[in-house]
Amino acid sequence: MLEPIAQELALSIAEVIGYDVLITDVDGIIIGCSDPDRGLGTLNESSRIAARTGRGSVDTEDVAKLLKGTRPGVTYPVVDLENRVIGTVAITGDPDKVKPFALVVKRQAELYIRERTVMKEVLERERNLQTLISDIYLFKPRINDPDLVSNRAEQFGYDSSLSYSALAFEIRRVPGYRDTVGRDRLLLRLKECFGGARSIVGAMKLDLYVAFVPCTARANMERDFYLSLEEKCRWLENQFASMGMVGSVGIGTLGRGIEGLARSCKEARLALRIGRRTSSSSSLHPIWNYRVEEVLFSSPRVVMDQMSKRELSPLEDRGDRDDLCHTLVAWCESGFNVTKTSELLHVHRTTVNYRLEKLSSLFRVDMRDFREMSRIYWALIMERLNRDVQPMADEATSSSQGTP
């Protein structure tokens with residue numbers, strides 16, 4: 001436990017007190033020393049005695065001559081969190097002068113070790129949590145054992161009797177942001193908002209965080225639960241903004257058991273990926289807003305590509321393609337309302353009417369024909385979703401349990 005930090009510890013303490021510091025293991029072998037003339041890996045007999053007896057010693061000139069590798073000074077054993085001797089720390093010099101520093105140095109060394117030990121345990125827990133979240137997301141029924149995953153999840157507060165909703169957060173820095181915002185601060189905000197004795201909150205990978213939030217309400221109160229999640233997400237959005245960050249979140253529906261958690265997590269990530277490409281005006285993306293896209297995403301990539309290419313062929317190679325596409329989407333999403341379409345596009349009604357006439361001529365459709373417009377609309381949405389992204393059919397899920 002001491003060896004990885006012994007040299008760093010010896011140098012830092014010596015720099016503060018102005019005397020050489022020596023650190024050994026429980027056998028009295030030097031593992032850290034501020035004096036370059038003292039040999040690392042050699043025996044200090046006084047330290048070996050202190051480690052074995054658990055008592056400190058004051059070594060005068062006469063005593064030091066009788067002990068191998070020992071110089072005048074003061075030696076104390078160093079103990080860990082369980083009060084076990086793990087080595088020694090010695091200060092070289094006139095015992096009367098260095099003795100006042102001895103207990104302070106011993107305490108400092110022990111505090112340093114305890115901080116490193118606690119930090120190591122925290123980091124190990126975070127790594128285990130990250131692995132658990134990934135294993136839940138990748139869980140496959142009839143292939144993976146749900147009991148094994150459930151037992152691990154229970155160590156982090158999971159309650160198998162409750163239904164959980166998964167939330168996937170994607171975090172990115174805003175342009176011009178210069179300071180490095182630590183992962184700890186982000187996790188602190190997430191845990192402040194969604195943490196609880198039975199919640200699971202952690203990182204899945206760099207800048208992607210997941211929270212599994214339990215619903216303790218009755219079944220007929222599920223809608224209130226989802227509304228509560230959305231309200232908390234909006235609070236988090238403001239917190240991220242104050243840190244110079246922008247966050248988007250996907251929300252999955254409630255699921256029970258490890259299979260339910262896995263489905264909800266897939267839903268949350270899919271909703272996040274769909275929403276950030278189709279709803280730039282919002283950072284909140286519940287899966288129930290994208291059920292049609294979810295079904296389409298379950299189709300092979302080649303089928304979706306063919307659909308987009310076939311239905312949108314009249315727009316191919318046109319210089320005004322982007323304007324016409326934006327108009328078509330706004331037209332459909334506004335319920336075929338010219339005024340609302342112009343507001344969405346921030347253009348005049350006359351411009352909207354001109355583009356609608358052009359679209360009607362190109363596609364040879366009635367722009368108020370719901371079936372015809374739906375077909376073209378979804379072809380456009382699929383084109384947006386598939387642009388510059390890898391196939392995501394494996395992210396889709398056909399279940400809709402708990403949809404509000």
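We did not get these values from a lab; they are worked out from the coordinates using the rules stated. Keep in mind the model is a prediction, meaning the values are calculated, not measured. Please note: Cβ atoms are built from the backbone with ideal geometry, for glycine as well, and neighbour counts cover all protein chains shown.
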Dividing the mean separation of Cα pairs under 8 Å (6+ apart) by the residue count of the chain yields a relative contact order in percent of 11 percent
Given unit charges at Cβ for Lys, Arg (+) and Asp, Glu (-), the dipole magnitude of region 37-167 about its Cα centre in debye, nearest 20, is 360 debye
Matching label for the computed P(r) over Cα pairs in 10 Å bins from 0, in percent, out of (i) 4, 16, 19, 19, 16, 11, 8, 5, 2, 1, 0; (ii) 4, 17, 18, 15, 14, 11, 8, 6, 4, 1, 0; (iii) 5, 23, 32, 24, 12, 3, 1, 0, is (ii)
Region 35-102: relative contact order from alpha carbon pairs under 8 Å, six or more residues apart, as a whole percent, is 29 percent
In nanometres, the difference between 0.36 nm per residue of separation and the alpha-carbon distance of residue 83 and residue 161 is 24.1 nm
So, with points 7 Å from each Cα along the Cβ direction, the residue 15-residue 333 label distance in nm works out to 5.6 nm
If unit charges are put on Cβ atoms (+1 for Lys and Arg, -1 for Asp and Glu) and the dipole of the chain is taken about its Cα centre, the option from 9, 63, 270 lying farthest towards the positive end turns out to be 270
For region 323-335, Karplus-derived ³J(HN,Hα) couplings (6.51, -1.76, 1.60; θ = phi - 60°; whole Hz; x for glycine and proline) come out as 4, 5, 5, 4, 5, 4, 5, 4, 4, 5, 6, 8, x
Region 301-393: relative contact order from alpha carbon pairs under 8 Å, six or more residues apart, as a whole percent, is 40 percent
Longest the chain segment clear of GluC sites (Glu not before Pro) sitting in DSSP loops (not H, G, I, E or B) with at most 10 other Cβ atoms within 10 Å runs 83-315
The farthest towards the positive end of the charge dipole of the chain, of the residues 33, 300, 202, given +1 on Cβ of Lys and Arg and -1 on Cβ of Asp and Glu, is 300
Quick calc: nm separation of the 7 Å Cα→Cβ label points for residue 107 and residue 143 -> 5.7 nm
For region 162-172, in residue order, the Karplus 3J(HN,Hα) values (coefficients 6.51, -1.76, 1.60; θ = phi - 60°; whole Hz; Gly and Pro = x) are 9, 8, 10, 10, 9, 10, 10, 10, 10, 10, 9
When the charge dipole of region 138-289 is computed with +1 on Lys and Arg Cβ and -1 on Asp and Glu Cβ about the Cα centre, the Cα farthest towards its positive end, among 281, 188, 162, belongs to 281
Check: in region 39-180 the Lys pairs 8 or more apart or on separate chains whose Cα atoms fall under 22 Å apart number 5
Straight-line reach check, residue 232, cutoff 23 Å on alpha carbons, 8 or more apart in-chain or any other chain, hits among lysines -> 191, 205, 266
Checked region 263-396 against the a/c 1.5 cut and the a/b vs b/c comparison, axes a ≥ b ≥ c from its Cα gyration tensor; verdict prolate
Between the Cα axis of helix 370-386 and the main Cα principal axis of the chain, the angle (0 to 90°, nearest 10) is 30 degrees
If each K or R counts +1 and each D or E counts -1, the residues other than residue 144 whose Cβ falls under 11 Å of its Cβ total -2
Ordering 35-41, 300-306 by per-residue average of other C-beta atoms within 10 angstrom, highest first, gives 300-306, 35-41
